[in-house]
Amino acid sequence: MRVDVVSIFPDYLAALDLSLVGKARQRGLLDLRVHDLRDWTTDRHRTVDDTPFGGGAGMVMRPDVWGLAIDEVLGLPDGAGVRPGAHLIVPTPSGEVFTQRHAENLASAEQLVFACGRYEGIDARVAEHYRSAGVTVHELSIGDYVLNGGEVASLVMIEAVARLIPGMVGNPDSLVEESHGAAGLLEYPVYTKPPSWAELEIPEVLLSGHHAKIERWRRDRALERTAQRRPDMIAALDVASLDKHDLALLGELGWVPGPEGLVRA
Ligand code: 6GU
């Protein structure tokens, strides 16, 4: 996969040399290039922003500079045309919320281009223009809080996508049961050695070697934890995916089947 990140603070992306993403780059699974937006400015001051039309606080990033940058990283000036597998991602707190489903879909893309805005954001014509040109454009937020720019959000999204590229994670089983996977539940609590620590013991069942009981215990803890921390995820469960034990436990926790999924009793 090819990933391009365009930013006025390219040093922010240095963390992508580390850990799993860094290894994927070394192994050639990921061709990741970080660019300085100011390389596409044409004036002496290397200006990337200006005041907003209509007035108001802050500065807006200029579409002309962004257009030159994005055309070049997409390979458009060569006349090659838009790669069908190219996605333009514009991190913005006013975007759709990025989820594991976005990460899964983006993991099979040929190219991802991250356009990191600062200040009050990028002139809205940039997303509109590339959409019209046939590029798949995603305006994405990483959650309901405000960051100073798209760089950290891009780091988050690149890590979430890169670990799903085939051959990236050492043991693909570790992708199966994790939180926000297909089951729609948070992950159960996990334990390792030593078996006694700070006067806290490991739940007996995990030492029993009884695989069916362990599996049931873990599912119960996942259900309880999800009901406690993420009731929105319980409401979104497919009732048909729940067995009678699940439904009994959820009933004790105050959730009952309604006409469109589980509702609070
Ligand atoms: Cl993608 N950008 C900024 N600036 N703030 C955010 C965000 C993105 N997602 C959440 N907050």
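The values are calculated or read from the model by the stated rules, or taken from the named source; none is laboratory data. Source: prediction; values computed, not measured. Heads up, the Cβs are rebuilt from the backbone with ideal geometry, glycines too, and the neighbour counts pull from every protein chain shown.
Structure notes:
- Failed item, numbered, when VAL82 is tested on (1) at pLDDT below 95; (2) buried (at least 19 other Cβ atoms within 10 Å of the Cβ); (3) among the β-branched types (Val, Ile, Thr): (2)
- For region 224-231, the condition holds for at least one residue, the condition being that it is loosely packed, with under 13 Cβ neighbours inside 10 Å, of a type outside the set (S, T, N, Q) and at pLDDT 95 or above.
- Enumeration of residues in region 110-125 that are buried (at least 18 other Cβ atoms within 10 Å of the Cβ) and touching a helix residue (DSSP H, G or I) at 6+ places or on another chain (Cβ under 9 Å): GLN111, LEU112, VAL113, PHE114, ALA115, CYS116, GLY117, ARG118, ILE122, ASP123
- Enumeration of residues in region 144-155 that are more than 6 Å from the ligand (Cβ to nearest atom) and closer than 21 Å to ALA14 by Cα: ASN148, GLU151, VAL152, SER154, LEU155
- Test: residue in region 126-143 that is more than 16 Å from the ligand (Cβ to nearest atom), touching a helix residue (DSSP H, G or I) at 6+ places or on another chain (Cβ under 9 Å), in a strand (DSSP E or B) and touching a residue at least 60 places away in the same chain (Cβ under 8 Å): no
- Exactly one residue out of ASP50, ASP31 is surrounded by fewer than 16 Cβ atoms within 10 Å (Cβ to Cβ) and over 25 Å from the mean Cα position of the chain (by Cα): that is ASP50.
- Elements of type strands (runs of 3 or more DSSP E) in region 13-124, at least 2 residues being out of contact with any Leu (no Cβ under 7 Å at 6 or more places or on another chain), touching a residue at least 40 places away in the same chain (Cβ under 8 Å) and within 16 Å of the ligand (Cβ to nearest atom): 86-97
- Hits in region 160-201 - residues which are assigned to a helix (DSSP H, G or I) and touching a helix residue (DSSP H, G or I) at 6+ places or on another chain (Cβ under 6 Å): ALA160, VAL161, ALA162
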